[in-house]
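Report on one structure; see the data block that follows.
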Amino acid sequence: MSRPDLSAPRLVLASSSPRRIELLAQIGVVPDHVDPADIDETPLKGEAPARLAERLARGKAEVVAARSPDAVVLAADTVVAVGRRLLEKPADEAEAKRFLELLSGRNHRVYTGVVVIANGAVSARVVETRVSFKTLSPEDVAAYVASGEWRGKAGGYGIQGRAAAFVRRIVGSHPAVMGLPLYEAANLLHGAGWRPKAA
């Protein structure tokens, strides 16, 4: 696995998500430090999903950059929407069930904002991915809710788990739906002057 060049700035990931760490590892990127940021994720009134995804990613990056001003900071945030209705992280099983019933047999959009801050400069991208779910039976919904995989996941599902069986089609970035668009993240890191070194 690749490690950053010792002459390069430290890379700090502003997230404790195991999925994001695993995704970065796929492209040979290993953060020097993981420093999750705790911010208010409440949407603003009338805020568009894409704008929310970028604002939250930027907010997390800025909090961590203030703590590690000499590092390159990478942050991301994912927002799920059906039309303009935001599906945040379900608060409980009843809300997870409602989300799955809403997504059943429909298309929805996943917006993932990714932000890199280096030397005070902020670079951001938002990736939009369209996801189509099959029609879910009551048994599908009940089993998924019982699995607990919905906990802590925007939209109430994780595509890297059992919900992969619900997905009929994806148009866009699969890793973005998992939480981090790798193409965009790699380009932003490259633009910030951070390079992994071959093992």
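Here are the numbers:
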item: Potential extension, HIS33-ALA66 segment - 0.36 nm per residue separation minus Cα distance; result: 10.4 nm
item: Unit charges on C-beta of K, R, D, E only; dipole of the stretch 84-199, Debye; result: 360 debye
item: Given charges at beta-carbon only (K, R positive; D, E negative), |dipole| of the stretch 82-127 in Debye; result: 260 debye
item: Per-residue [θ]222 nm for the chain (sum of -39500 (n - 2.57) over DSSP H runs n ≥ 4, rounded to 500); result: -9500 deg cm²/dmol
item: Residues in the stretch 121-165 that a label on ALA25 would reach, taking backbone N under 20 Å of a point 7 Å out along Cα→Cβ; result: 158-162
item: Added length on full extension, which subtracts the Cα-Cα distance from 0.36 nm per residue, ARG85 to SER137; result: 16.5 nm
item: Fluctuation leader among THR42, THR112, THR78 - the chain, Gaussian network, Cα springs under 10 angstrom; result: THR42
item: Global form of the chain, assessed from the alpha-carbon gyration tensor, a/c cut-off 1.5; result: prolate
item: For the chain, size of Cβ-based charge dipole, Lys and Arg +1, Asp and Glu -1, in debye; result: 560 debye
item: GNM top mover of VAL126, VAL171, VAL110 - the chain, alpha-carbon springs below 10 Å; result: VAL171
item: Listed residues TYR144, TYR183 arranged by accessible area, highest first, probe 1.4 Å; result: TYR183, TYR144
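The values are calculated or read from the model by the stated rules, or taken from the named source; none is laboratory data. Note that this is a predicted model, so its numbers are computed, not measured. Every residue, glycine among them, receives a Cβ derived from its backbone with ideal geometry; neighbour counts consider all protein chains shown. Quick note on the areas: whole protein, heavy atoms, side chains included, nothing else; ligands and nucleic acids left out. Shrake-Rupley method; radii C 1.70, N 1.55, O 1.52, S 1.80 Å.
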